[in-house]
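The values are calculated or read from the model by the stated rules, or taken from the named source; none is laboratory data. All values derive from a computational prediction rather than experimental measurement. Every residue, glycine as well, gets a Cβ built from its backbone with ideal geometry; the counts of neighbours run over all protein chains shown.
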Amino acid sequence: MITLTSWHHLRTWKLPLVQLISQLPKAPLGYAVESATITHLLGDPIDSLAATLVTLAQCQARAKLAQNACGIVGLRQGNAEYDRAWKALSIIMVSYDECGRQDKAIEAHQHFLAFSRRTNMGLGMTSPRDLAVQDAFAYVFDETAHSLAADRSTKSLPVFFSELIFIGGWIIALIKTGSSDPGPANWVNVEAQSVAISAMFLWVTALVVLGAIVGVGQSEDSAPRILQRYEYDIRAMREQDQPKPSASLRGKVTWCLRSTERAASGGMYSWKPKKWEETARGTVIFHCLIAISVVGVSYLTAAVLSDLVSPRGLGCRHVVESVIFAFWFLSFAVECVLELLLREKAFWPVFWKDTFVSLAVVAVVLVTQWGIMNRCACWSSWGKVGVHLPQMPEVRQELMHYIHGVAPWITFMAVLLQLLFCGLAVWMYLDAIRVFIQRDDGKSNCFWRNKTVRRN
């Protein structure tokens, strides 16, 4: 039965979650890929989080390769030019990876080693023509990196406000619930259980933050257009004949995969079907275990909150949370099988799998709000005790203590754990973060270093 109270629960505890999910960056590869980003988030949060961490790990590996290249050409750590160069080379290689052209990412690395002006021990080209080639490469290299950095959309302020609304909505709802007396119009135990069910989705706070940091391109053709122009300029610099870059040429020679094929080859940061072959399996398994732990913390938070709602103990309310977590875990297990068997051809099987699980999770939440919470069995431990009505003095006292002194602290600590996880991910992959959020003018994001960042 749909009631005004049920709508109040959905509006208070679920709509802020929907608003936060809407801020998740989606690769501009067509409606199918954008829809897949959302369905994969709701239908398989474990793999979504694991793939995002793998994306950071892959970018970190590119950053280390770029830093080594800078050392080879004589740039040393601590030099402003060193920071500018390795971040620029990294974003070029990462952009090639996202286009599914890992081979060209290696070529970009080789170009940097071949044409950069070497400053160590007087090595490198010395003839006037060679110096001209080096200057031309420096210009092409900088313009390409700056264009790719400008093309990358990383959300910060919208995500900050969405997180604030999501967390603040919980606080306001708890205060409002705790400040009114229990009665026919204020079923505090049902409100308390709504807190528990919403806690199942606390992992969204971490995933949206990491997704906002990684970011996406402005359009499907923007990065390929910039990179093809880079290749044209490199060949022109070497005086090699070639056709001018164009969209028709990219399509004719299949320079870059498009839409779902590109998404399956590296174009989606939250879905990496080829991660088992592109990244060491130990690294992938490690990130999968972290993702299971992060989603598992949300499940444990929900279970603890449900356990403390009067009547205390295990009950039918825990079935809801366990079913949702089981859906997610089984979805992740099926995901691993599909990726290992189908690899880049897994898009549509994964899409329909995630769509089914997403709808199942939504259905469970709606049935919980409109059905299970209205059953006396859920408030009497399956008939083992009397129905715990919030109007009863002893039940009222227990519920008010829960709303005022227990639920806020448990919720706060759970959100804090998610944010601490984000901080740990940033610390582990700081170089990757710097690549993704770099500015398009070669300056540092640290304002106190901007005066020292200039080309030699």
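Working only within the stretch 57-114, note down all residues that are without any contact (Cβ under 8 Å) to a residue 12 or more places away in the chain and either among the acidic types (Asp, Glu) or touching a Lys or Arg at 6+ places or on another chain (Cβ under 9 Å) (or both).
If the condition is that a residue be without any contact (Cβ under 8 Å) to a residue 12 or more places away in the chain and either among the acidic types (Asp, Glu) or touching a Lys or Arg at 6+ places or on another chain (Cβ under 9 Å) (or both), then 103, 107 are the ones that fit.
Take the stretch 28-41 and flag every residue that is in contact with a helix residue (DSSP H, G or I) (Cβ under 6 Å, 6 or more places away or on another chain), of a type in the set (A, V, I, L, M, F, W, C) and surrounded by fewer than 21 Cβ atoms within 10 Å (Cβ to Cβ).
Listed by number, the list holds a single entry, 32.
Find the helices (runs of 4 or more DSSP H) located wholly in the stretch 251-369 whose residues include 2 or more that are buried (at least 23 other Cβ atoms within 10 Å of the Cβ) and not acidic (Asp, Glu), and list them.
In the stretch 251-369, 281-308, 316-342 are the helices (runs of 4 or more DSSP H) which contain 2 or more residues that are buried (at least 23 other Cβ atoms within 10 Å of the Cβ) and not acidic (Asp, Glu).
Kindly list, by first and then second residue, each pair from a residue in the stretch 215-226 that is closer than 18 Å to residue 271 by Cα to a residue that is among the aliphatic types (A, V, I, L, M) and part of a loop (DSSP other than H, G, I, E, B), limited to pairs with Cβ atoms under 8 Å and residues at least 6 apart or on different chains.
Final answer for the pair search is 215/437; 216/27; 217/27; 220/29.
Answer yes or no as to whether residue 161 is surrounded by fewer than 18 Cβ atoms within 10 Å (Cβ to Cβ) and at pLDDT 75 or above.
So residue 161 passes the test.
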